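Read the structure below first, then the notes.
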Amino acid sequence: MSQNVYDVLAERGFIAQCTHPEELRDLLGREKVKFYIGFDATADSLTAGHFLTIMAMIHMQKAGHIPVALMGGGTTMVGDPSGKSDMRKMMTKETIDHNVERFKEQISHFLDTSEGKMIFSNNADWLLSLNYVEFLREVGVHFSVNRMLTAECYKQRMEKGLTFFEFNYMIMQSYDFLKLNQMYDVCLQMGGDDQWSNIIGGVELIRRKEQKPAYGLTFTLLTTSEGIKMGKTVNGALWLDPEKTSPYEFYQYWRNIEDVKVEQCLGLLTFLPMDEVRRLGALEGAEINKAKEVLAFEVTKIVHGEEEAIKAQNAAREVFAGSGMSEHMPSYEYTKEAFAAADVIQALVDTGLAGTRSDGRRLIEGGGVLVNDEKVTDVKRTLSDNDLTDGALVLKKGKKKAVKIIVK
C-alpha cells in the first residue's frame, strides 16, 4: 500500500491547518477525491508562491486524486483582501481573460491534464451572471457579519477601510466551493494559509446547505525569517514565465536563500526523498551552499526543464567561481553615450542591484561592489572603455548577485 498523501504532505511540511484532519486523512486513503485550488488571474504569469500550491497538486494527483484548478475570472474582478493592506486595482475583463489563458498553459506544464485526470473551471461562469437578491437569499443568509469581521483577512484591512465591495470576497469564494461541490462533487478546498477564513466559509456553507461532508486544508506560506513572503525580488515577483524571470535569475534566487530556510524549501519545492532533504538541511557552515545548489537546481529543473537548470547552474559557477562572465547571466545594455555618462552608482541603480543612488553609495562604502572582480573603493568611480572586454563588463554586488553590462 502506498503512503497516504495526507502523510506525504504533512511530512514534507505543506500542512498549516486542516478543518477535519482525521476524517480527511481517512477519506484520502480510501477513495479518489476531487479537490480544488483557486487562482485569481491578477497577472499574466504564475509566481513562486503559486508554485508551492502546484507542487501540492502534483503530490495529490500522483496519489490518484483529481485536481480542479479554478480560474478566478469572476473573483479577480473584486479582489481578495487577504494579506493585503491596499485594495487591489481594478482590471478589465479582457485582461483577466488573457491572464486566465496564460495560467492554464502554465499549470498544464506541471500536471496531467488528460481526460478524467484534471478539471479546469472558471468562476466567471457563475459569478458574473448572479442575481443579487437570489444570491443574498440563497447564500448570504448563512453568513454572520459579526463572525466575518473577526476573520484575519478583514482585520488587517479594517484600519485602512474595508469596502463593501471587498467584504463580498469571502462569500463569493465560499459560493465557488458550493458550486464546484454541486457540479463535480468537489469536497476539499486547498490554498495558502492566508485563505483559512475564506476556506472555512465554504466548508461550513456546504455542510449547512447540502448536509454533506466538506473539508479545508491550508499550506504553509513561504516566508523569510523576517516573515516577508518569499518570492519577492528587487524587480518584483519571482515569475515562472522565463520571459519575466530568466531561468538564471530564478536559479540564483533559490541559490541565495537564507540557510535556515533550505530544509523547508527542499521539502516543499522538490521531489527529493525526505531522508535526503533532512541530510542536506543538516549541513552547516560553507557546506550548506551544496544544499542550496541542489535546491536551486531541482526547483529550476521542475519549472524550466533540466537543460535550462544545467545552463543556469553552469552560469552561476562561471560567474562566481570562474571567469566572471557567462552568456546566461542577467545583462543590461547601455548605448555608448549613456555608458560614457554613467558612474558605478548609476550602473547599480540601472541594473537593479541597488534601489536608489543612496543604496548604491552605501554598498560601495561597505565594500560590497566589484567591477570585473576589482573592489570599488571610490563612490565617484566612473566606468570607461578600459573596463570592457569584448564590449562588456561584470558588475557584482557581494558574492551572490552579478549583472553583465553590455555596451552597444
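The values are calculated or read from the model by the stated rules, or taken from the named source; none is laboratory data. Quantities reported herein were computed from a predicted structural model and do not represent experimental measurements. Cβ: placed from backbone, ideal geometry, glycine included. Neighbour counts: every protein chain shown.
Table for the structure above
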{"read-out": "Residue match in the stretch 235-254 (condition: closer than 30 Å to PHE177 by Cβ, in a strand (DSSP E or B) and charged (D, E, K, R))", "value": "no"}
{"read-out": "Residues located in the stretch 182-219, provided they are among the β-branched types (Val, Ile, Thr), assigned to a helix (DSSP H, G or I) and touching a strand residue (DSSP E or B) at 6+ places or on another chain (Cβ under 9 Å)", "value": "ILE199, ILE200, VAL203"}
{"read-out": "Count of the stretch 223-237 residues which are farther than 28 Å from TYR332 by Cα and either at pLDDT 85 or above or touching a Pro at 6+ places or on another chain (Cβ under 9 Å) (or both)", "value": "1"}
{"read-out": "Of all residues in the stretch 165-186 being surrounded by fewer than 19 Cβ atoms within 10 Å (Cβ to Cβ) and either outside the structural domain of GLY38 (by TED's automatic domain parsing) or not polar (S, T, N, Q) (or both), the one that is nearest to GLU204 (Cα to Cα)", "value": "LYS179"}
{"read-out": "Test: residue in the stretch 370-379 that is in contact with an Asp or Glu (Cβ under 8 Å, 6 or more places away or on another chain), in a loop (DSSP other than H, G, I, E, B) and at negative phi", "value": "yes"}
{"read-out": "For LYS179: the one exception among (1) at negative phi; (2) of a type outside the set (Val, Ile, Thr); (3) outside any helix (DSSP H, G or I); (4) within 28 Å of the chain's Cα centre (by Cα)", "value": "(3)"}
{"read-out": "Residue that is modelled with the lowest pLDDT, among those in the stretch 315-337 that are part of a helix (DSSP H, G or I) and exposed (fewer than 14 other Cβ atoms within 10 Å of the Cβ)", "value": "ALA321"}
{"read-out": "Looking only at the stretch 338-367, and only at residues there that are more than 14 Å from VAL403 (Cα to Cα) and part of a loop (DSSP other than H, G, I, E, B), the one that is nearest to the chain's Cα centre (by Cα)", "value": "GLY355"}
{"read-out": "Among the candidates ILE66, ILE96, residue that is of a type in the set (Val, Ile, Thr) and either buried (at least 21 other Cβ atoms within 10 Å of the Cβ) or closer than 26 Å to PHE165 by Cα (or both)", "value": "ILE96"}
{"read-out": "Matching residues in the stretch 59-76 - criterion: being modelled with pLDDT of 95 or more and outside any helix (DSSP H, G or I)", "value": "ALA63, GLY64, HIS65, ILE66, PRO67, VAL68, ALA69, LEU70, MET71"}
{"read-out": "Only one of ARG25, ARG30 that is among the charged types (D, E, K, R), touching a strand residue (DSSP E or B) at 6+ places or on another chain (Cβ under 9 Å) and in the same structural domain as GLU204 (by TED's automatic domain parsing)", "value": "ARG25"}
{"read-out": "Test: residue in the stretch 149-164 that is surrounded by 15 or more Cβ atoms within 10 Å (Cβ to Cβ), modelled with pLDDT of 90 or more, touching a helix residue (DSSP H, G or I) at 6+ places or on another chain (Cβ under 6 Å) and in the same structural domain as ASP44 (by TED's automatic domain parsing)", "value": "no"}
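Table: residues versus (1) within 30 Å of ARG317 (Cα to Cα); (2) of a type in the set (Lys, Arg); (3) touching a residue at least 40 places away in the same chain (Cβ under 8 Å).
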residue: GLN195; (1), (2), (3): no, no, yes
residue: ARG207; (1), (2), (3): no, yes, no
residue: LYS232; (1), (2), (3): yes, yes, no
residue: SER246; (1), (2), (3): yes, no, yes
residue: GLU249; (1), (2), (3): yes, no, yes
